Amino acid sequence: MSDLHTPQAGDDQLPDIDVVGLLMRQHGDIRNLFDEVEQSEGEERRDAFRRLVRLLAVHETAEEEVVHPFVRSAVDGGAQIVEERLAEEKSAKETLSALDDMDTDDPKFLPMLMRLRTDVQEHARAEERYEFSHIRRSTDVTNLAAMAKAVKAAEAMAPTRPHPGVESATANVALGPVAALMDRTKDAVRKAMGSG
């Protein structure tokens, strides 16, 4: 199999001075990868789908480590907002896990992928409306930049496959390939946030 490159936050070489801008760019990368999977066939589709799986897994883990805790503590009604996003993530992870077990040439693959795409896009819109807009209003540029660095640190340590039923950052990271991943991720986030 070819060496797969998965877009990560900051791959576009723009300065990571705003966590919201960084995650919005990544939402665009996710949309583009859905397009690529849908429009390709054979080995190209398999490669594009592998990249999509990895990007979705690391993106959600980064949000679980950085965005959700901030929203819970800094936004009025934040706990409810986060619980709704976690329920959406669980549903998407279940579909993604089922797709991950399927051959990309299976006739059921594309219809299921289209349902996943709809769910992921609705989830992204809800994040942008109920989390991202509040983050910008609830903090300053220094904290936005620190959160952007923390997202990149969490992504570097995140599992590369979906784990349905594991919508907490701690549990999701613990299921990664190395048991110590959880501690390393938390340490990397703390260091990036300047508190470790």
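The values are calculated or read from the model by the stated rules, or taken from the named source; none is laboratory data. Because the structure is predicted, anything quoted here is derived from the model rather than measured. Every residue, glycine among them, receives a Cβ derived from its backbone with ideal geometry; neighbour counts consider all protein chains shown. Areas reflect the complete protein model, heavy atoms only, side chains present, ligands, DNA and RNA absent. Shrake-Rupley method; radii C 1.70, N 1.55, O 1.52, S 1.80 Å.
Once the Cα-Cα distance is subtracted from the 0.36 nm per residue extended length, the Met112 to Ala74 segment shows a gain of 10.0 nm. On a per residue basis, the range 16-124 carries 42 Å² of accessible surface, using protein heavy atoms and a 1.4 Å probe.
Loop-located trypsin sites (Lys or Arg not before Pro) across the range 90-134 with a Cβ neighbour count of 14 or fewer within 10 Å are Lys108, with loop assigned by DSSP. Remark: the range 41-51, residue by residue, has Karplus-estimated 3J(HN,Hα) of 9, x, 5, 4, 5, 4, 5, 5, 5, 4, 5 Hz, where x stands for each Gly or Pro and the curve is 6.51 cos²θ - 1.76 cosθ + 1.60 at θ = phi - 60°. Across the accessible surface of the range 91-163, with the other protein chains kept in place and a 1.4 Å probe, carbon and sulfur atoms take up 51 percent. The calculated P(r) of the range 54-158, using every Cα pair and 5 Å bins from 0, goes 2, 12, 21, 21, 18, 12, 7, 4, 2, 1 in percent.
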